[in-house]
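S.K.: Okay, here's the structure, questions in a sec.
Just so you know, all these numbers are worked out from the coordinates, no wet-lab data involved. The structure displayed is predicted, hence computed values, not measured ones. Note that we place each Cβ from the backbone using ideal geometry, even for glycine, and neighbour counts take in every protein chain shown.
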Ligand SMILES: NC(=O)c1ccc[n+]([C@@H]2O[C@H](COP(=O)([O-])OP(=O)(O)OC[C@H]3O[C@@H](n4cnc5c(N)ncnc54)[C@H](O)[C@@H]3O)[C@@H](O)[C@H]2O)c1
């Protein structure tokens with residue numbers, strides 16, 4: 001027994017499961033046996049008392065969880081950080097524990113109100129007392145960690161808890177004598193697991209499996225070489241013994257019903273201070289400003305979820321709710337992250353939501369020079385579809401050629417500083433690339449609310465329309481197409497061969513002929529099958545009028561390719577009178593620019609198909625520029641390519657029979673994109689009918 005070592009316990013006179021504040025309590029209200037609990041607690045008391053002195057705090061009626069003294073506070077030397085319980089059900093314990101600590105002569109620190117921290121349940125010193133592992137995610141806020149570092153003058157390593165069954169750090173993590181660590185890795189996020197692996201050598205890590213974890217094996221009391229726990233598997237027992245520990249099992253089933261075991265039932269009171277150890281907290285905080293229809297657009301929820309999912313925590317410092325239906329709201333949110341790297345990842349995503357640093361905290365963007373052509377410096381900022389501004393020499397500069405997955409190059413031009421979205425492959429040695437996340441903001445439209453009333457298109461919202469809504473979408477797209485044609489707008493169609501197979505070719509031809517479409521993007525296949533249909537009446541060998549396969553029809557598409565190759569190009573074939581109808585005929589006749597991007601499955605290919613994909617991408621990007629609306633018709637490959645090079649603000653309609661494809665393509669988080677799950681042939685035929693209706697309202701019923 002080490003007489004100088006002291007633990008605090010609280011007899012279970014008032015213990016019961018009276019409420020549910022963790023998953024273990026569910027279904028266990030008033031199900032624990034008072035007598036058995038008393039016996040189990042007594043057994044634990046005896047075991048601990050053989051190893052150390054046990055102090056007792058007086059149990060209080062109405063506070064059943066006082067028995068779990070680990071949550072009273074966190075002790076180091078003569079200093080205590082008192083717990084601020086997350087749940088009101090436990091907050092009444094605070095004054096009793098505070099009184100006890102003060103009676104013992106401890107200096108008691110109290111965290112600000114509303115900053116939860118649950119004592120030694122969520123903060124564990126390594127047994128050499130050189131650092132403090134601190135948990136967050138369920139009961140303790142990350143923002144409490146810097147206070148621990150400051151008051152206890154010790155390095156704090158923040159670990160994020162992910163599994164609500166292991167809601168306190170001490171339910172899944174137990175530092176042991178001699179640098180060993182008993183822990184359950186799945187209870188932590190990836191970053192925390194990396195941190196553990198960096199700080200605890202592999203030979204000292206005793207990772208346990210779920211069966212031991214749910215028996216609370218990590219909720220163990222370690223006194224020198226003794227480990228006291230509820231239950232351990234044969235394998236765990238052996239591993240601990242090999243590491244030189246003596247395992248004492250003592251059943252604590254009645255306390256497991258409330259989510260605690262031996263560690264929760266004890267608080268180590270003697271925690272010596274190491275003189276050469278000093279404070280270091282890696283927690284980083286930033287304050288951000290968000291503006292818009294934060295509540296009804298769900299922006300604030302998304303931002304806060306993103307912070308938590310990214311491994312950070314937040315505090316809403318200010319929220320001004322717009323009073324009128326049209327007025328915007330604004331919020332100031334303090335974001336904390338356990339490290340600089342985690343903060344950067346969270347910030348990059350918040351920037352995409354339009355969050356900006358407070359004016360007094362804004363600084364210029366960081367630039368780094370490209371040293372290898374086609375390769376960006378590490379930490380480069382990768383762009384989204386949203387208009388982006390870069391702060392250079394104190395001024396915000398709007399990036400040109402906005403697109404997704406680009407890098408921003410800042411240069412000095414005659415007109416002043418410029419910023420351009422570039423592809424990696426276009427980077428030149430000496431280019432100045434924006435890195436990290438400072439001095440970058442994206443400009444989000446105020447939001448849908450105003451748009452709903454005034455812009456016809458946005459009624460559909462960003463989302464997938466079900467079959468029932470197809471006609472409604474068609475009406476709106478028809479209206480939009482007409483308006484754009486009358487105003488000299490620019491409509492781009494991206495189409496796959498299914499358009500031809502489903503009989504949509506004649507409708508698309510008509511849209512081109514009647515001036516609704518200004519550019520057509522596709523691959524080899526749409527052109528091949530359109531031309532096959534024009535020359536032979538079949539698509540992939542299927543007679544388009546009768547819907548049956550034609551004998552030898554499988555050769556038709558290759559014959560079509562050969563015919564065009566003989567002519568030299570599609571335009572030549574039209575010129576020579578070989579090709580006299582179909583989509584590509586109409587394109588040539590009506591000066592509608594088209595680009596065919598090659599792929600590995602292409603037959604032929606047609607002379608017009610660009611097999612150099614870098615060239616093809618550039619060609620697509622040129623034709624997409626200035627588009628007001630893009631119709632994506634049943635081609636996943638080319639539509640995704642186009643989606644990536646299209647900035648926010650361009651209306652996008654994507655039609656596919658597969659809901660997953662539609663969701664992927666239309667899920668740009670922007671109002672202007674809408675997905676339609678339907679047959680593309682049907683869609684085009686309805687669209688043409690709708691346009692007829694708009695043109696001849698009295699003739700067509
Ligand atoms: N002979 C050839 O040269 C040849 C033949 C086929 C494809 N290709 C090439 O392969 C690449 C990919 O071809 P892709 O774009 O056809 O394939 P893709 O897989 O990218 O897209 C086809 C899409 O059409 C959807 N679809 C299927 N039936 C539909 C219907 N009835 N209505 C609406 N949507 C429907 C599918 O869900 C899918 O998302 C292209 O570059 C193409 O040119 C070449």
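S.K.: In nm, what is the difference between 0.36 nm times the number of residues separating residue 153 and residue 13 and their Cα-Cα distance?
M.R.: Taking residue 153 through residue 13 to full extension adds about 46.7 nm, to one decimal.
S.K.: In 10 Å bins starting at 0, how do the alpha-carbon pair distances of segment 76-156 split up by percent?
M.R.: 18, 53, 27, 1
S.K.: Apply the a/c threshold of 1.5 to the C-alpha gyration tensor of segment 283-362 and tell me whether it is rounded, prolate or oblate.
M.R.: Here segment 283-362 falls in the prolate category.
S.K.: Sticking with this one: Using the alpha-carbon atoms, what tilt in degrees (0 to 90, nearest 10) does helix 34-51 show relative to the longest principal axis of the chain?
M.R.: It is inclined by approximately 70 degrees.
S.K.: Once the cut-off is 30 Å, how many percent of the Cα-Cα pairs in segment 456-695 end up in the long-distance tail?
M.R.: 20
S.K.: Still on this model: If R₀ is 35 angstrom, what is the calculated FRET efficiency for the pair residue 401 and residue 197, using the beta carbon separation as r and rounding to 0.05?
M.R.: Efficiency computed from Cβ-Cβ geometry: 0.25.
S.K.: Using the Cα atoms as the points, what is the convex hull volume per residue of segment 501-626 in Å³?
M.R.: Convex hull volume per residue, Cα atoms: 99 Å³.
S.K.: Separate question: Working out 0.36 nm times the residue gap between residue 4 and residue 108, then minus their Cα-Cα distance, what length gain in nm do you get to one decimal?
M.R.: Net length gain for the segment: 35.3 nm.
S.K.: How many percent of DSSP beta bridges within the chain run antiparallel, rounded to 5? Mind dumping the intermediate values first?
M.R.: Details: 61 of 114 bridges.
So the antiparallel bridges in the chain amount to around 55 percent.
S.K.: Over segment 332-436, calculate the relative contact order: mean separation of alpha carbon pairs under 8 Å at least 6 apart, over the residue count, as a percent.
M.R.: Working: 183 pairs, mean separation 31.6, N = 105.
Worked out over segment 332-436, it gives 30 percent.
S.K.: Here's another thing I want to ask about it. Compute the relative contact order of segment 241-397 as a whole-number percentage, counting only Cα pairs closer than 8 Å that sit 6 or more residues apart in sequence.
M.R.: 21
S.K.: Express in nm, to one decimal, how much length is gained between residue 362 and residue 318 on full extension, taking 0.36 nm for each residue of separation and deducting their alpha carbon distance.
M.R.: That works out to 14.0 nm of additional length.
S.K.: Spin-label point model (7 Å from Cα, Cβ direction): what's the residue 471 to residue 637 distance in nm?
M.R.: That separation, rounded to one decimal, is 3.6 nm.
S.K.: Let me ask you something else. Note the angle between two axes, namely the Cα long axis of helix 524-536 and the longest principal axis of the Cα atoms of the chain, as a number of degrees from 0 to 90, rounded to the nearest 10.
M.R.: 30
S.K.: How are the Cα pair distances of segment 2-281 distributed, in percent, across 5 Å bins from 0?
M.R.: That works out to 1, 6, 13, 19, 21, 19, 13, 6, 1, 0, in percent per bin.
S.K.: Starting from the 7 Å offset along Cα-to-Cβ, what nm value, one decimal, do you get for the label separation of residue 549 and residue 340?
M.R.: Calculated label separation equals 6.5 nm.
S.K.: Normalised by the number of residues in the chain, what is the relative contact order in percent for Cα pairs under 8 Å and 6+ residues apart?
M.R.: With pairs under 8 Å counted, the relative contact order is 9 percent.
S.K.: Extent of segment 367-438 along each principal axis, from alpha carbon coordinates, in Å, largest to smallest?
M.R.: 28, 26, 21
S.K.: For segment 32-177, report the convex hull volume of the alpha-carbon atoms normalised per residue, in Å³, without decimals.
M.R.: 125
S.K.: From the helices alone, meaning DSSP H stretches of at least four residues, give me the mean residue ellipticity at 222 nm for the chain, per-run term -39500 (n - 2.57), in deg cm²/dmol to the nearest 500. Before the final figure, lay out the partial values.
M.R.: On the way: 22 runs with 214 residues, N = 701.
The per-residue figure over the chain is -9000 deg cm²/dmol.
S.K.: Quick one: if you stick a label point 7 Å off each Cα along the C-beta vector at residue 593 and residue 35, how many nm between them?
M.R.: 8.9
S.K.: I'd like the Kirkwood hydrodynamic radius of segment 560-701, using the inverse of the mean 1/r over distinct C-alpha pairs, in Å.
M.R.: 17.2
S.K.: Related question: Between segment 643-690 and segment 196-273, what's the alpha-carbon centroid distance in Å?
M.R.: 55
S.K.: Same structure, new question: Quick one: compute a quarter of the convex hull surface over the Cα atoms of the chain and quote it in nm².
M.R.: 40.9
S.K.: Using only alpha carbons, build the gyration tensor for segment 175-220 and give me the equivalent ellipsoid semi-axes, biggest first, whole Å.
M.R.: Semi-axes, largest first: 17, 14, 7 Å.
S.K.: May I ask you to derive the FRET efficiency for residue 241 and residue 53 from their Cβ-Cβ distance with R0 = 25 Å, giving the value to the nearest 0.05?
M.R.: 0.40
S.K.: If I fit a long axis through the Cα atoms of helix 299-309 and take the longest principal axis of the Cα atoms of the chain, what angle between them do I get, 0 to 90°, rounded to 10?
M.R.: 50
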